[in-house]
Amino acid sequence: MNYKEGNLLSFRILVDETGNIVTELSGVPLDKLKDIFKGNELLLIRRILSEARPKLEGLHEYLEDHLDSTVTI
């Protein structure tokens, strides 16, 4: 199968049916990248994700910690 695009890393902020704010972080596991990319492309994607993932994980944790105690919809 030849994919034209795919989700490498995503971050979402959602409101569920009960009004709770939920954050979601998802993406391709780093150990699976070698199955999708090769050569310099693999090195570039691995670098991008290794830089971006910790920043989004920090935002994810920050919002979950702070929104649980401060937001009511």
For the chain, averaging the sequence separation of alpha carbon pairs under 8 Å that lie six or more residues apart and dividing by its residue count, the contact order in percent is 33
Accessible area of the chain divided out per residue, in Å², using a probe of 1.4 angstrom:
81
Accessible surface of the chain [probe 1.4 Å, protein heavy atoms]: carbon and sulfur percent
55
Give the Rg/Rh ratio for the chain, taking Rg as the radius of gyration of the Cα atoms and Rh as the Kirkwood radius, to two decimals.
1.11
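The values are calculated or read from the model by the stated rules, or taken from the named source; none is laboratory data. What you see is a predicted model; the values in this text were computed from it and never measured. Ligands, DNA and RNA are stripped out before the accessible areas are found, and what is left, the full protein with its side chains, is counted by its heavy atoms. Shrake-Rupley method; radii C 1.70, N 1.55, O 1.52, S 1.80 Å.
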